[in-house]
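The values are calculated or read from the model by the stated rules, or taken from the named source; none is laboratory data. Computed from a predicted structure; not experimentally measured. Glycine gets a Cβ as well: all are built from the backbone with ideal geometry, and neighbour counts include every protein chain shown.
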Amino acid sequence: NLFKKKKIINPNFYKKILNEKKFDLIINCDNKNVISKDYLNKKIFKDYNSSAYTTLIKHKKTNNNKAIQIFTKNGPIAFLPISDIETSIVFSKLDSKNKFDLKELDTIIYNYKLKFKIKSISQINKFPLHFSLARKYHKKNIMAFGDMLHRIHPHAGQGFNMTVRDIKILNSIINEHLSLGLQIDSQIFEKFETRVKHFNFLFSSWIDFIYEFFKINNNLSNKIVKSFGSNKHLKKYLTKYADQGIYF
Ligand SMILES: Cc1cc2nc3c(=O)[nH]c(=O)nc-3n(C[C@H](O)[C@H](O)[C@H](O)COP(=O)(O)OP(=O)(O)OC[C@H]3O[C@@H](n4cnc5c(N)ncnc54)[C@H](O)[C@@H]3O)c2cc1C
């Protein structure tokens, strides 16, 4: 029973756990609480000035086992299979002064509907998009985790995958300590940070680079990325990684 789940309502809870030293290790996934603001707030931050629009389409039964991503002029749209009859849609678009008419997304979905015979499109939700990377993962026995460590653009569908990799590594370090009879203390977080931080930095930067690369069509990307844009082989290579992610 290493982990306990609890819904935190009382704002004094955070001060209390800091003062009482009741827990060996604390993992903090909420970026709005006082611990995050006071101790785990150093970040590399980039605003994409974009929003993700997500919805679910119901369609006729089809062999639906492949995620598909299309870099449209308006931004990337991903078709992520949920079942043979349902597909999740993530469309990201640069924010502009002109309000985006949600009906336009329906049109985009129908334009790129691929093999789906669409029955219905559910309510569209909107999320602001930014990139952030934690400079420091932990303070004593409190560690940030999940998107608090690395929030990336959703075009490659890799955000939670990164967290799953982190969980695997953190779990192995905890097990190492348990099997050697070592204490469960902040050393675990130090080891975790040393083991994954450089990798998370490279991976997140790579996902960001791919996003910038494919913005070329909109003439909005920065100069360095633009200079790569004319290289067909690089484009093919990046398309592969944008679609499938990177596996180590
Ligand atoms: C549009 C979009 C599409 C994405 N698609 C993919 C994808 O296809 N594949 C992929 O791997 N990743 C994807 N991601 C990324 C993925 O959603 C995130 O990486 C993941 O949700 C991060 O999980 P988290 O637990 O760190 O943060 P969150 O999902 O933000 O969870 C934090 C949790 O803490 C809870 N919480 C907050 N305050 C309190 C409190 N006081 N007490 C108790 N609980 C509290 C919140 O309710 C919330 O549930 C996508 C992201 C976006 C925006």
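Can you tell me which residue in region 52-86 is modelled with the lowest pLDDT, limited to those that are over 14 Å from Ile108 (Cβ atoms) and within 13 Å of the ligand (Cβ to nearest atom)? Let's see the steps before the verdict.
In the first step, residues of region 52-86 are kept if they are over 14 Å from Ile108 (Cβ atoms); the result is 56, 58-67, 80-86.
Now restrict to residues that are within 13 Å of the ligand (Cβ to nearest atom): 56, 67, 80-82.
Working: Leu56: 94, Ala67: 84, Leu80: 87, Pro81: 89, Ile82: 92.
Ranking the candidates gives Ala67 first.
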Matching option when the condition is assigned by TED's automatic domain parsing to the domain that holds Phe214, hydroxyl-bearing (Ser, Thr, Tyr) and more than 16 Å from the ligand (Cβ to nearest atom), among Ser179, Ser96: Ser179
Any hit, region 39-48, residues being at pLDDT below 90 and either more than 12 Å from the ligand (Cβ to nearest atom) or in the same structural domain as Tyr211 (by TED's automatic domain parsing) (or both): yes
Within region 31-56, considering residues that are free of Cβ contacts under 8 Å to residues at least 12 places away in the same chain and in a loop (DSSP other than H, G, I, E, B), the one nearest to Lys6 (Cα to Cα): Lys32
Residue tally, condition closer than 12 Å to Asp208 by Cβ and charged (D, E, K, R), over region 145-167: 1
Cβ-Cβ under 9 Å pairs, at least 6 apart or on other chains, region 85-110 side farther than 18 Å from Phe127 by Cβ, far side aromatic (Phe, Trp, Tyr) and surrounded by 13 or more Cβ atoms within 10 Å (Cβ to Cβ): Thr87/Phe79; Thr87/Phe116
Region 131-153: number of residues that are near the ligand (Cβ under 8 Å from one of its atoms) and over 11 Å from Ser204 (Cα atoms): 4
Scan of region 131-160 for residues that are exposed (fewer than 14 other Cβ atoms within 10 Å of the Cβ) and either in contact (Cβ under 8 Å) with a residue 40 or more places away in the chain or in contact with a strand residue (DSSP E or B) (Cβ under 6 Å, 6 or more places away or on another chain) (or both), ordered by number: Arg135, Lys140
